[in-house]
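All remarks here apply to the structure that follows.
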Amino acid sequence: MSESIVEDKDLKEEVLKAIKSVYDPEIPVDVYELGLIYEISVFPVKNVYILMTLTSPSCPSAEAIPDEIKQKVQLVEGINEVQVEVTFDPPYTQEMMSEAAKLELGFL
């Protein structure tokens with residue numbers, strides 16, 4: 001395996017850790033486990049693209065959560081630019097939560 005592939009994998013893991021440090025203020029589960037993250041792309045030029053959703057279009061944290069994700073990912077060493085795009089297609093449902101999130105919230 002080439003060194004750049006390993007480096008990119010490590011970088012993506014660091015980006016994922018940064019994302020998992022962001023919580024919806026109303027729910028004690030991180031945004032990744034909630035199923036709000038649809039896509040994470042780390043490009044060879046160390047730019048990151050994140051496609052995400054929110055629990056609802058009227059979420060009170062609609063601006064705060066994507067901004068916090070962008071700020072935390074930007075702190076990962078080696079990252080150049082971070083773009084966070086919010087979509088509501090497909091709409092969020094509780095089925096998107098991980099088993100751990102469902103357990104934490106009492107859905108299992």
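A few comments on the model shown:
- Residue-by-residue Karplus 3J(HN,Hα) for the range 94-106, coefficients 6.51, -1.76, 1.60, Hz, glycine and proline x: 5, 5, 6, 5, 6, 4, 4, 5, 4, 5, 4, 8, x
- Under 20 Å from LYS70, Cα to Cα: aspartates and glutamates that are on another chain or at least 8 residues apart: ASP8, ASP10, GLU13, GLU14, ASP24, GLU26, ASP30, GLU33, GLU39, GLU81, GLU85
- The ranking of THR87, THR55 by Cβ neighbour count inside 10 Å, starting from the fewest, reads THR87, THR55.
- Principal semi-axes in Å for the range 3-91 [√(5λ), Cα gyration tensor, largest first]: 24, 12, 11
- Across the chain, Cα pairs under 8 Å and at least six residues apart give a relative contact order of 29 percent.
- Point-to-point label distance, SER98-ASP67, nm (Cα→Cβ direction, 7 Å offset): 2.7
- Interchain or long-range residues, amide H under 5 Å from VAL82's placed H: VAL48
Taken together, the values in this text are just the output of simple stated rules run on the coordinates, not laboratory data. From a predicted model like this one, the values you see are computed outputs, not experimental measurements. Virtual Cβ from ideal backbone geometry, glycine too; neighbours counted across all protein chains shown.
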